[in-house]
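Step one of this worksheet: look at the structure below.
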Ligand SMILES: NC(=O)c1ccc[n+]([C@@H]2O[C@H](COP(=O)([O-])OP(=O)(O)OC[C@H]3O[C@@H](n4cnc5c(N)ncnc54)[C@H](O)[C@@H]3O)[C@@H](O)[C@H]2O)c1
């Protein structure tokens, strides 16, 4: 059976680990040619090679998404290899954990440049290709922090709020070009980023367990779960859906309070 993304070309940022790796593997399995964009060459090349060994098509391209020049070059290289871009996945992101008064302007800019400005730049350079198709797709990774505050990550939370509204703006302004843009907002997902967050706690394991008691489905999500949600927004399964968001958090934001012990 043909995959859902047969013949499509996907550009995925932050593809060398975590959710971006999950997206790259799933999209290749569904028939897409995947341009894996990221900073860490050995990890990224290894994943691209594994995808190719399994019969998929992918290449890794070293790119710091803070750099306009490198993003532009990554788009050009994708088009040189695969002819176009149908799907733009802005997944690269970082979290910086400290109170706001301890930030320098450089710290602030770093998080905002990776998490938000990169989405503007990738869209700017991919637009000439996205706009040539009857259907094309932009998926931006937001977070539950796009909707609620979280402690000690003030700039991350700010950036994810911005991602949500940027996604809406793109969805509205480019609807007439056949481009649909949506924001996927994960909750607790087991990736290196989550581990960084947990390791900032005195007892990471205990903190993780406690956080999971707030999740009604009573388990963490994995990159594959988030990748499936992104896939929905990257094909006509979601026809008619644009300028909106989908929270994938196991019910975390669905309730004001949750007592896991009452539901055992
Ligand atoms: N893991 C979670 O619980 C969670 C929850 C909500 C939202 N998210 C969002 O999902 C996305 C992926 O997160 P993840 O958990 O897989 O994180 P991760 O830290 O495991 O992976 C992040 C990826 O972004 C890349 N990246 C970071 N800075 C970059 C830069 N300057 N240039 C190029 N690439 C860069 C990293 O190399 C890595 O590939 C992020 O946008 C994150 O905010 C994650």
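The values are calculated or read from the model by the stated rules, or taken from the named source; none is laboratory data. Keep in mind it's a predicted model, so treat the numbers as computed, not measured. Counting neighbours? That spans all protein chains shown, and the Cβs are built from the backbone with ideal geometry, glycine included.
Given the criteria over 15 Å from residue 11 (Cα atoms), surrounded by fewer than 22 Cβ atoms within 10 Å (Cβ to Cβ) and without any contact (Cβ under 8 Å) to a residue 40 or more places away in the chain, does residue 161 qualify? Working first, answer last.
Numbers: over 15 Å from residue 11 (Cα atoms): yes; surrounded by fewer than 22 Cβ atoms within 10 Å (Cβ to Cβ): yes; without any contact (Cβ under 8 Å) to a residue 40 or more places away in the chain: yes.
Answer is yes for this residue.
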Out of the residues in segment 124-134 that are in contact with a strand residue (DSSP E or B) (Cβ under 7 Å, 6 or more places away or on another chain) and farther than 15 Å from residue 166 by Cβ, state the one that is nearest to the ligand (Cβ to nearest atom). 130
Checked 35, 58, 10 against criteria (without any contact (Cβ under 8 Å) to a residue 40 or more places away in the chain, away from the ligand (no atom under 11 Å from the Cβ), crowded, with 22+ Cβ neighbours inside 10 Å and within 18 Å of the chain's Cα centre (by Cα)); the one match is 58
Inside segment 226-243, can you point out the residues that are in contact (Cβ under 8 Å) with a residue 60 or more places away in the chain and touching a strand residue (DSSP E or B) at 6+ places or on another chain (Cβ under 7 Å)? 226, 230, 233, 234, 241, 242, 243
Among the residues of segment 24-55, write down those that are part of a loop (DSSP other than H, G, I, E, B) and either modelled with pLDDT under 95 or touching a strand residue (DSSP E or B) at 6+ places or on another chain (Cβ under 7 Å) (or both). 32, 39, 40
State yes or no: is residue 149 under 29 Å from residue 121 (Cβ atoms) and outside any loop (DSSP other than H, G, I, E, B)? no
Based on what the data block shows, is residue 21 more than 24 Å from residue 142 (Cβ to Cβ) and assigned to a helix (DSSP H, G or I)? no
Across segment 213-224, which residue is nearest to residue 163 (Cα to Cα) among those that are within 12 Å of the ligand (Cβ to nearest atom) and free of Cβ contacts under 8 Å to residues at least 40 places away in the same chain? 221
More than 16 Å from the ligand (Cβ to nearest atom) and under 18 Å from the mean Cα position of the chain (by Cα), is that true of residue 137? yes
